[in-house]
Amino acid sequence: MGEPILTLDDARLTLAGNAGPVEILKGITLTVERGETVGLIGPSGSGKSSLLMLMGGLERATGGRVAALGQDLGAMNEDALARFRRGNMGVVFQSFHLIPTMTALENVAVPLELAGVSDAFDRAEAELRTVGLGHRIDHYPAQMSGGEQQRVALARAAAPRPAILLADEPTGNLDGVNGAAIMDLLFGLRDRHGATLVLVTHAPELAERCDRVIRLADGRVVA
């Protein structure tokens, strides 16, 4: 057995809906080991993205326990959670969540500066060059293609050297060529920094690249 880095014990998530409470996750128990690559698959509405949000502390479990790096996420207040994420997690979404008024360089560097990294701009530039965007560092999101914007988002997620990388359909808004390139970069980041990677995907070829695949249906792990 390796070292557990993410642990969920009977984790549940119930959210308020128009017609009353909606049970999204119905008792998820699983462990992800350090350095492992895990793919979360299943039909739309099965709870994949919600499970990823619980792992990242972006949603709070309404039952059970979620721990990352041995820390109980449910016991932290919002400020502590934000600090923990900033130091230990990188998150990549399907929509890129870049700040439109900042250049590529600033989008990657400013979060590092806020985290107190002294060489934030140097590190941000190096990370952008790693994802093939050395020629785009002074461009704004609106001046870049979708594939380029997702590369900036990847660089931003990887720059803090997180122990855990979470990716929610990172190729969902991209064509096949750009999607394949982003996945190569994501797995490359894992290899380079030794990060644990958990990703939500609908793409079978992407799931096949993972060490382990977890299938969800109706808020439960089914395989």
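The values are calculated or read from the model by the stated rules, or taken from the named source; none is laboratory data. Source: prediction; values computed, not measured. Positions of Cβ are backbone-derived with ideal geometry, glycine not excepted, and every protein chain shown enters the neighbour counts. Just the protein is used for accessible areas: all its heavy atoms, side chains included, with ligands, DNA and RNA removed. Shrake-Rupley method; radii C 1.70, N 1.55, O 1.52, S 1.80 Å.
Observations
- Fluctuation leader among ALA124, ALA19, ALA155 - the chain, Gaussian network, Cα springs under 10 angstrom: ALA19
- Under 5 Å, built H, 5+ apart or other chain: amide partners of VAL131: none
- LYS26/GLN143 FRET efficiency (R0 35 Å; Cβ-Cβ; nearest 0.05): 0.20
- Shown for the chain: the carbon plus sulfur share of the solvent-accessible area, taken with all protein chains present and a 1.4 angstrom probe, equals 49%.
- Per-q log10 I(q)/I(0), segment 1-60, q = 0.19, 0.24 Å⁻¹ (Debye; single scatterer per alpha-carbon; no solvent): -0.75, -1.10
- Where labels lie 7 Å past Cα in the beta-carbon direction, separation of ALA126 and ARG220 in nm: 4.8
- Using the Cβ of PHE121 as centre and a radius below 10 Å, the other residues enclosed give a net charge of -4, where K and R count +1 and D and E count -1.
- Accessible area per residue in Å² at 1.4 Å probe, computed on the chain: 46
- If you look at the Cα atoms of segment 1-132, you get an Rg and a Dmax of 17.1, 51 Å.
- Estimated 222 nm signal from helices in the chain, with DSSP H stretches of n ≥ 4 weighted -39500 (n - 2.57), rounded to 500: -10500 deg cm²/dmol
- Tensor-based shape of segment 146-211 (alpha-carbon gyration tensor, a/c under 1.5 rounded, otherwise prolate or oblate): oblate
- Based on Cα contacts under 8 Å between residues 6+ apart, segment 4-112 shows a relative contact order of 26 percent.
- The chain: relative contact order in percent, alpha carbon pairs under 8 Å with at least 6 residues between: 29
- Order by protection proxy (mean Cβ within 10 Å, highest first), peptides 195-204, 173-182: 195-204, 173-182
- Charge tally in the Cβ shell below 14 Å around ALA68, where Lys, Arg are +1 and Asp, Glu are -1, ALA68 excluded: 0
- Taking 20 °C and 1.002 mPa s as conditions, the chain diffuses translationally at an estimated 120 µm²/s according to Stokes-Einstein applied to its Kirkwood radius (Cα pairs).
- Electrostatic tally near ARG212: other residues with Cβ closer than 13 Å to its Cβ, Lys and Arg +1, Asp and Glu -1, net -2.
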